[in-house]
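**Student:** Below is one structure. I have some questions about it.
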Amino acid sequence: IYRQGTVVTADTGFANEANMKYLHDRQINGYVPDNKFRSRDPKFQNQKDKYGKRHQDLPDKGWKATIPASEFQFDPVKLTCICPSGETLTYRGQRDAENGKTRVHFEGRLLQCRHCPKKHRCMQSPASADHRNGSGRQVSFTVENKRLPNYTDWMKHRVDSQQGKEIYSHRMSVVEPVFGNIGTTKRLNRFSLRGKKKVQGQWQLYCLVHNIGKLANYGQ
């Protein structure tokens, strides 16, 4: 189907280096934006001021403001970190982030955090330092990588192009109404059966009803 001009689009949940490499190596005409693609588009620069932030009216989950990582003394050369109380945190290694950069992770020792006078301002759950299976304050920092362009950069260029914006803008009108109709109007927010065969049958029945509705409304 790809040789017939089929275009593949997917949401940001599928944006990772492995998927981008897969599309590139197999020459699949795909458009998968990263989670910052709108922030690079001037058309969306005033979106938050106009419509507000997403999920701003959700109930409070109990998260409190703690001492930020910027208050910790991080040395990217020696890979050391000192907390606001003057204690040296334990180095926990490095992990590659999706943006191509590296995150360096540190964690406070249990005894350090357990007896620290600032732990109620520093930790989301200070009680976790009170037992042997708990953990101390965890903090991480971004380290800039001087790297070569990767497949994610290749996809960013495709998505940010005028053609990419036009193609991806159609995804909302093609895909989302199907989920909205089946999930909200038809109320299939979860399967009532168990097992692959039964779930597949239930899903196909709902798709059948969805398509009958399309034919009834737009069949002419």
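The values are calculated or read from the model by the stated rules, or taken from the named source; none is laboratory data. As the structure is a prediction and not an experimental result, all values here were calculated from the model. Neighbour counts are summed over all protein chains in view; Cβ atoms, including those assigned to glycine, are modelled from backbone coordinates with ideal geometry. Calculation scope for accessible area: heavy atoms of the full protein, side chains included, ligands and nucleic acids excluded. Shrake-Rupley method; radii C 1.70, N 1.55, O 1.52, S 1.80 Å.
**Student:** Whole angstrom only: what separates the Cα centroid of region 129-158 from the Cα centroid of region 190-220?
**Tutor:** Between the Cα centre of region 129-158 and that of region 190-220, the gap is 41 Å.
**Student:** Let me have the 222 nm mean residue ellipticity of the chain computed from DSSP H runs of 4+ only, each contributing -39500 (n - 2.57), with the sum over all residues rounded to the nearest 500. Spell out each step's value before the answer.
**Tutor:** Details: 9 runs with 73 residues, N = 220.
Only helices count here, giving -9000 deg cm²/dmol.
**Student:** Which one of 78, 165, 101 has the biggest mean-square fluctuation once the chain is modelled by GNM with Cα springs under 10 Å?
**Tutor:** Its mean-square fluctuation being the largest, the pick is 78.
**Student:** Next question, about the same structure. Residue 72: net charge of surrounding residues, Cβ under 13 Å, Lys/Arg +1, Asp/Glu -1, itself excluded? If you can, show how the numbers build up before the last one.
**Tutor:** On the way: positive: 118, 137; negative: 71, 75, 87, 107.
After counting each charged neighbour, the total is -2.
**Student:** Quote the charge dipole size of the chain about the Cα centre in Debye, to the nearest 20; the model charges only the Cβ of Lys and Arg (+1) and of Asp and Glu (-1).
**Tutor:** Working: 39 positive and 20 negative charges, 134 e Å.
Charge dipole, the chain, about its Cα centre: 640 debye, nearest 20.
**Student:** Give, as a single signed number, the net charge of other residues whose beta carbon lies under 12 Å from the beta carbon of residue 125, with Lys and Arg counted +1 and Asp and Glu -1.
**Tutor:** Working: positive: 64, 119, 137; negative: 130.
Every neighbour counted, the sum reads +2.
**Student:** Which percent of the accessible area of the chain is formed by carbon and sulfur heavy atoms (probe 1.4 angstrom)?
**Tutor:** 52 percent
**Student:** Quick check for you: with a 1.4 Å probe and neighbouring chains kept, what is the accessible area per residue of the chain, in Å²? Could you put the intermediate results ahead of the total?
**Tutor:** Values: 16920 Å² over 220 residues.
With all protein chains present, the chain gives 77 Å² per residue.
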